[in-house]
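Here the structure comes first, spelled out in structure tokens, and everything after it is commentary.
Values quoted throughout were computed directly from the atomic coordinates according to the rules given, and no laboratory measurement underlies them. The structure presented is a predicted model; accordingly, all values stated were derived computationally and were not measured. In this analysis, Cβ positions are derived from the backbone assuming ideal geometry, glycine residues included, and neighbour counts consider all displayed protein chains.
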Amino acid sequence: MAAGVVERVVTGDVIKEIEVSGPGFLNITITDKAIIETLALAKKAKANPRELAAGVVERVVTGDVIKEIEVSGPGFLNITITDKAIIETLAQRATDATGRLGVPFADNPGTTVIDYAQPNVAKEMHVGHLRSAVIGDSVAQILEFVGETLVRRHHIGDWGTQFGMLIQYLIEHPHELDHKEGEVSGEEAMSNLDRLYKASRALFDSDEQFKTRARRRVVDLQAGDPETLALWQKFVDESKIYFFSVFDKLDMEIQDPDIVGESGYNDMLDETCRLLEESGVAVRSEGALCVFFDDIKGPDGNPVPLIVKKSDGGYGYAATDLSAIRDRVFNLKANSLLYVVDARQSLHFKMVFETARRAGWLNGDTKAVQLAFGTVLGKDGKPFKTREGETVRLVDLLDEAIERASAVVREKAQDLSEMEIAERGAQVGIGAVKYADLSTSANRDYKFDLDQMVSLNGDTSVYLQYAYARIQSILRKAGTTEPVAHPELELTDAERALGLHIDRFAETVAEAAAEYAPHKLTAYLYQLASLYTSFYDKCPVLKADTPAQVENRLFLCDITARTLHQGMALLGIRTPERL
Ligand code: ARG
């Protein structure tokens, strides 16, 4: 039981202090007086510790908050909270004007820069980008909810040698990306880019002279030649049309100013290298600027360095990430750097973080964490591919999820119009995809199984959404908007279990925030919906025995719904009022 109840325990002759010491645990400090007195008693009676505990228990004053207290093994006391305390605590939450349902702000909030949703320019988004976006969005919202200042950074891949090829092709085939702004859909934008990419690649591979021109174009780009940069910008803009259409489909708000891709750190790269070389953190090796690590070796036993600057003078992924760290620590004043990136990039981040530590950019005041996520697998347990062995396009996947969900909604819908079915279908389908992604701990691989995801039974978002919609329908029928709690009533076991679980919302959110673990929240919400279901099965609401009981049960329904709604919102999932 959490803070709310603790506040209300009467301390006195026996209990000196009582505090929450973790989910489900209370720490009780017995007064010295009680100990000495009990010890004296115990000594006199030659009692063992168990009897001693029993002695303490006997002397705890039960009453408004504690109904019963008993020894439940050596060193453990079992405390039963009164029904009254449960309902009163929840009533306090419900009337909390901040609407936070009792969730306190974290003790020492700081600034977190979260790096997530980082697709690559001129390339399709795939399921890996989906995971980063979904997990990142949820973690950001959870952290923000507990008071952390969040800076979002979408580190898109918008720089590199492939742009030489693309730009050169566009120069030689002008008008390929011509269209009036806003006229093109995300899908069209991507297919334009894809066409250009394939055509330029084919030319690059077959035509030596084009290859030379493309390479020269890279030099122009890096030198900041205005014409070249303008064309590069065209590719970035076209890609953004596509990205935003996908984020939109994902029902996710991404702000343009937060898109600071690899190119955003170009001005810092030289200095980053200079600082690393001057401090001796990086050394020249075969013409390249490298950082070495004792424990990182290749299969041949030779050390594998982090290459900060290539022997041809080019900068890579590492130089950009190291510069981004400097920006995030020194300009954005971050206390925590969080990277929601595929586990397959773990070695890169390990080396980058260690380099930044050696350079003194990261120290005790600033932590850097890769929130590494696992691979999305197909139903067969192998990395997710189409039948033709190609990477699955994210958009196709989302469309299929929406289609399946719409079928489920349609089947259950009694009074929904076609437009409503389409809207709910999207909310249920996208919710299903997000929930499946969030409900296993991020570092594990997970199977992308649409049948399971949109199933009405089991640990799915649809199950939670239906629980929510069912409650709303009861509340509509009752015609109450703010049902009144009745702490004077005796509760059934199902009501007690539900009430106690609702009370755990605050500590669950705190835990999910501290551990960057949205799956703790999904597990909590699933249990909440399950406990609600058994409450609903066992306890008639509108047909309860007395008007007071009807109200009290409506109150429990309402606060369950509000908790579901808030929890799902933190996961980025909608809770439709009707389903
Ligand atoms: N764009 C990269 C990819 O698609 C992910 C970027 C991750 N963030 C970073 N700061 N390196 O794999």
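Over the chain, one equal point on each Cα, no solvent: what is log10 I(q)/I(0) by the Debye formula at q = 0.09 Å⁻¹?
Cα-only, vacuum Debye calculation for the chain: -0.84.
Multiply the residue gap between THR161 and THR533 by 0.36 nm, knock off their C-alpha separation, and tell me the result in nm, one decimal place.
In short, 128.3 nm is gained.
Which links in LYS123/LYS447; LYS123/LYS211; LYS234/LYS447; LYS249/LYS350 stretch past 31 Å when you go from one Cα to the other?
Violating the 31 Å limit, Cα to Cα: LYS234/LYS447; LYS249/LYS350.
Suppose we keep just the DSSP beta bridges with both residues in the chain; what percent of those would be antiparallel, to 5?
About 50 percent, rounded to the nearest 5.
Expressed as cubic angstrom per residue, what is the convex hull volume of the alpha carbon set of segment 353-490?
Considering the Cα atoms of segment 353-490, their hull volume per residue is 247 Å³.
Report the Cα centroid-to-centroid distance between segment 478-531 and segment 130-151 in angstrom, as an integer.
22 Å
Rounded to the nearest 10 degrees, what's the angle between the helix 418-438 long axis and the longest principal axis of the chain, both from Cα atoms, 0 to 90?
Roughly 90 degrees between the two axes.
For helix 547-571, report the angle its Cα long axis makes with the longest principal axis of the Cα atoms of the chain; keep it between 0 and 90° and round to the nearest 10°.
So the inclination is approximately 20 degrees.
What residues have an amide H closer than 5 Å to that of LEU362, excluding those fewer than 5 places away on the same chain, when H is modeled at 1.01 Å from N in the peptide plane?
ARG357
Against the longest principal axis of the chain, how steep is helix 226-249, in degrees 0 to 90 to the nearest 10, with axes from Cα atoms?
Its long axis makes an angle of about 30 degrees.
If the reach is capped at under 12 angstrom between alpha carbons, list the aspartates and glutamates near LYS520, excluding any in the same chain fewer than eight residues apart.
LYS520 reaches GLU507, GLU511.
Based on the alpha-carbon gyration tensor of segment 315-419 and its eigenvalue square roots a ≥ b ≥ c, which shape applies: rounded if a/c is under 1.5, prolate if not and a/b is larger than b/c, or oblate?
prolate
If neighbour count is taken as other Cβ atoms inside 10 Å, put MET190, MET268 in order from fewest to most.
In increasing order of surrounding Cβ atoms, one gets MET268, MET190.
First check a/c for segment 143-290, with a ≥ b ≥ c the square roots of the eigenvalues of its C-alpha gyration tensor; if it is under 1.5, answer rounded, and if not, answer prolate when a/b is larger than b/c or oblate otherwise.
Cα axes put segment 143-290 in the oblate bin.
Quick one: which of 430-436, 507-513 comes out on top by average Cβ neighbours within 10 Å, and what's the full order, highest first?
Listed from highest to lowest mean packing, they are 430-436, 507-513.
Helix-only estimate, please: 222 nm mean residue ellipticity of the chain, summing -39500 (n - 2.57) across DSSP H runs of length 4 or more and dividing by its residues, to the nearest 500.
-17000 deg cm²/dmol
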